[in-house]
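This report refers to the structure that appears directly beneath it.
The values are calculated or read from the model by the stated rules, or taken from the named source; none is laboratory data. Keep in mind the model is a prediction, meaning the values are calculated, not measured. Backbone-built Cβ (ideal geometry, glycine too); neighbour counts: all protein chains shown.
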Amino acid sequence: DAKTTQPTSMDCAEGRAANLPCNHSTISGNEYVYWYRQIHSQGPQYIIHGLKNNETNEMASLIITEDRKSSTLILPHATLRDTAVYYCIAGNMLTFGGGTRLMVKP
Amino acid sequence: EAGVAQSPRYKIIEKRQSVAFWCNPISGHATLYWYQQILGQGPKLLIQFQNNGVVDDSQLPKDRFSAERLKGVDSTLKIQPAKLEDSAVYLCASSLRSGTLPNYGYTFGSGTRLTVV
């Protein structure tokens with residue numbers, strides 16, 4: 001898996017969009033980008049994945065740059081329940097880094 | 001569908017004692033994973049099973065950790081003897097299959113929190 005770099009922590013106001021960046025400059029051509037999140041005292045939960053194109057599902061949107069060296073997870077209307085650690089994984093072996101701790105504030 | 005079941009939820013043992021964790025994956029999921037998550041870090045893969053065979057155990061400390069999945073369904077992870085640094089949450093995950101891309105269909109259990117004193 002490629003190495004990923006994410007900010008350690010971020011804050012977001014409730015109701016606003018949360019944009020979580022991830023750098024994965026060494027990603028190879030067949031490696032997908034996956035996002036998981038982990039709410040306190042629970043196991044990680046799958047959010048979304050992508051290869052080249054932008055993706056959207058009921059939870060989030062994933063924007064991948066054209067060169068695939070970085071991506072952004074977008075939670076369009078963050079709620080307090082979205083407070084969690086968000087992991088970006090670039091590769092197919094599900095190797096977790098430190099993630100970004102997102103705090104959604106009222 | 002029922003999720004990945006793990007037990008116990010919490011365990012406190014003294015160093016040098018033994019401990020075992022149990023995992024029952026989602027029905028039909030051929031691939032099972034054990035992860036170790038130390039406080040403040042992301043999960044680290046310990047071992048991956050495909051049915052009852054080991055696919056990857058390169059990060060499993062084999063001098064003290066062992067795992068089995070005898071009938072290709074539920075699995076047990078054992079630590080003997082435990083050290084203070086084994087204090088962590090042990091997560092089990094399962095997926096339908098591995099080796100096909102994208103490899104995203106992981107479902108995690110809630111984990112077992114181990115404290116070694």
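The table below lists the values:
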quantity	calculated
Per-region count, region A:22-38, residues within 10 Å of chain B (Cβ to nearest Cβ) and either in a strand (DSSP E or B) or surrounded by 13 or more Cβ atoms within 10 Å (Cβ to Cβ) (or both)	7
Within region B:25-40, considering residues that are of a type in the set (S, T, N, Q) and at pLDDT 95 or above, the one nearest to A:Arg101 (Cα to Cα)	B:Gln37
Residue list for region B:2-22, filter: at pLDDT 95 or above, out of contact with any Gly (no Cβ under 9 Å at 6 or more places or on another chain) and either part of a loop (DSSP other than H, G, I, E, B) or basic (Lys, Arg) (or both)	B:Pro8, B:Lys11, B:Glu14, B:Lys15, B:Arg16, B:Gln17, B:Ser18
Count of residues meeting criterion [modelled with pLDDT under 95 and either more than 12 Å from chain B (Cβ to nearest Cβ) or within 11 Å of the chain's Cα centre (by Cα) (or both)] in region A:80-105	2
Positions within region A:54-79 being within 13 Å of A:Cys22 (Cβ to Cβ), assigned to a strand (DSSP E or B) and away from chain B (no Cβ under 12 Å), in sequence order	A:Ile63, A:Ile64, A:Ser70, A:Ser71, A:Thr72, A:Leu73, A:Ile74
Checking B:Ala5 against (1) of a type in the set (A, V, I, L, M); (2) within 13 Å of chain A (Cβ to nearest Cβ); (3) farther than 25 Å from A:Arg37 by Cα, the condition it does not meet	(3)
Positions within region A:80-106 being touching a Gly at 6+ places or on another chain (Cβ under 8 Å) and not in a strand (DSSP E or B), in sequence order	A:Phe96, A:Gly97, A:Gly98, A:Gly99
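Residue by residue, here is whether (1) part of a strand (DSSP E or B); (2) modelled with pLDDT of 95 or more; (3) in contact with a Leu (Cβ under 8 Å, 6 or more places away or on another chain) holds:
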residue: B:Val55; (1), (2), (3): yes, no, no
residue: B:Ser66; (1), (2), (3): yes, yes, yes
residue: B:Gly72; (1), (2), (3): no, no, no
residue: B:Lys78; (1), (2), (3): yes, yes, no
residue: B:Pro81; (1), (2), (3): no, yes, no
residue: B:Leu91; (1), (2), (3): yes, yes, no
residue: B:Ser98; (1), (2), (3): no, no, no
residue: B:Asn103; (1), (2), (3): no, no, yes
residue: B:Thr115; (1), (2), (3): yes, yes, no
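Matching residues to (1) closer than 18 Å to A:Leu94 by Cα; (2) exposed (fewer than 13 other Cβ atoms within 10 Å of the Cβ); (3) within 11 Å of chain A (Cβ to nearest Cβ); (4) not aromatic (Phe, Trp, Tyr):
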residue	(1), (2), (3), (4)
B:Ser18	no, yes, no, yes
B:Asn24	no, no, no, yes
B:His29	yes, no, no, yes
B:Gly42	yes, no, yes, yes
B:Gln48	yes, no, yes, yes
B:Val55	yes, no, yes, yes
B:Arg69	no, no, no, yes
B:Gln80	no, no, no, yes
